[in-house]
Amino acid sequence: MTGNDIKTVLIIGSGTMGQQIGFVCALHGCSVHMYDVHEEALKSAQNRLAQLALWFEKHSVKNAGNALSLMHYYTDPQQAATDVDFVSESVPENPELKANVFSTFHALCHEQTIFTTNTSSLVPSQIAAATGRPDRFLAFHFHDIRTTKIVDVMPHAGTSQEVINATVEFAKKIGQIPIVLKKENNGYVFNTMLMTLLASALTLASNGVADIHDIDKSFMGVMGTPIGPFGIMDSIGLDTVYEITKYWADLLNDKQGKKNAALLQQYVEKGLLGTKTNKGFYTYPHPEFSKPDFLQ
């Protein structure tokens, strides 16, 4: 199989990243099967995808709305898996959950179907065996498609070169810029750098060194960026940042990491997840950091 052979893509998980990955595939002519266990989640995804299409049309992508006609929604795994060439998984950062999901779809998909994970914090070797096709499995990690075209291609030691090549070709086919990792690395390339920044910001806040807005002001004012670390966390989703922070804090028994996770947990428990709920560390769609007087 080559990248050009990939015509139908299955997206497992209809959250923010699943929506974005599915949309960019459809935008470049692929038929997209979006699967979720919850019908309500799929309905929400359809509404948000319509908004995403409008965003692209406003930013010079003509007829972006046409991509929506190539997107199909399923709660039945058998229907979702029918005739798919490529799988992209974006379920919560739980290795057991991911392993179970891949095991289920291994029994339903064609032998040649490539399986990929969009995991933010795990590495493919942790769940490769459970996929049933470790040689056809790797990480294919996206960032926010509205702001970047960078994607990470991270194989594990058992991934076949054919599958790596096909995934790189497919990335280019859907207009992305593939970054191929030579070895597994938690956090890939950009996220390794980013998570260090976010952990530093959370540490400052959880230890009471400075308040959240002032931490962002410091970063934005010195670096000349339009957004700071807490604004970035809102765009990622505070639930995702919390899951990653807690996972590593528990795994490493990191006291400061646990303190940072506790700060995030306060927001998550209140349903304040960032841009996707219109409120997190900031209130959207017009967050304080976007106003001209924020740095004054």
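The values are calculated or read from the model by the stated rules, or taken from the named source; none is laboratory data. Every value quoted in this text rests on a predicted model; they were computed, and no experiment measured them. Reconstructed Cβ throughout: ideal geometry from the backbone, glycine too, with neighbour counts over all protein chains shown.
Test residue 18 against the criterion of being assigned by TED's automatic domain parsing to the domain that holds residue 88 and under 25 Å from residue 131 (Cβ atoms), and give yes or no. So that I can check it myself, show each step before the final result.
On the way: assigned by TED's automatic domain parsing to the domain that holds residue 88: yes; under 25 Å from residue 131 (Cβ atoms): yes.
Yes: the conditions hold for residue 18.
Please verify whether residue 87 is touching a helix residue (DSSP H, G or I) at 6+ places or on another chain (Cβ under 9 Å), within 22 Å of residue 2 (Cβ to Cβ) and not basic (Lys, Arg), treating the condition exactly as stated. For residue 87, the condition - touching a helix residue (DSSP H, G or I) at 6+ places or on another chain (Cβ under 9 Å), within 22 Å of residue 2 (Cβ to Cβ) and not basic (Lys, Arg) - is met. Within the option set 138, 202, 197, being more than 27 Å from residue 79 (Cβ to Cβ) and crowded, with 17+ Cβ neighbours inside 10 Å holds for one residue only, 202.
Taking the criterion of being surrounded by fewer than 18 Cβ atoms within 10 Å (Cβ to Cβ) and assigned to a helix (DSSP H, G or I), the residues of region 264-282 that qualify are 265, 266, 269, 277.
Table: residues versus (1) among the basic types (Lys, Arg); (2) closer than 23 Å to residue 61 by Cβ; (3) in contact (Cβ under 8 Å) with a residue 40 or more places away in the chain.
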site: 123; (1), (2), (3): no, no, yes
site: 160; (1), (2), (3): no, no, no
site: 172; (1), (2), (3): yes, yes, yes
site: 175; (1), (2), (3): no, yes, yes
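Right, residue 143: touching a helix residue (DSSP H, G or I) at 6+ places or on another chain (Cβ under 8 Å) and either of a type outside the set (Ser, Thr, Tyr) or closer than 26 Å to residue 250 by Cα (or both) or not?
yes
For the condition small (Gly, Ala, Ser), farther than 23 Å from residue 248 by Cβ and at pLDDT below 95, residue 60 qualifies. Within the group 86, 102, which residue is of a type in the set (Phe, Trp, Tyr) and farther than 20 Å from residue 20 by Cβ? Only one candidate passes the filter, namely 102. When each of 237, 228, 221 is tested for being at pLDDT 95 or above, of a type outside the set (D, E, K, R) and buried (at least 18 other Cβ atoms within 10 Å of the Cβ), the lone residue that passes is 228. For region 249-286, a residue qualifies if it is touching an Asp or Glu at 6+ places or on another chain (Cβ under 7 Å) and in contact (Cβ under 8 Å) with a residue 40 or more places away in the chain, and the qualifying residues are 274, 275, 280, 281, 282. Counting only strands (runs of 3 or more DSSP E) that fall entirely inside region 133-243 and contain at least 3 residues that are within 23 Å of residue 267 (Cα to Cα) and over 18 Å from the mean Cα position of the chain (by Cα), no element qualifies.
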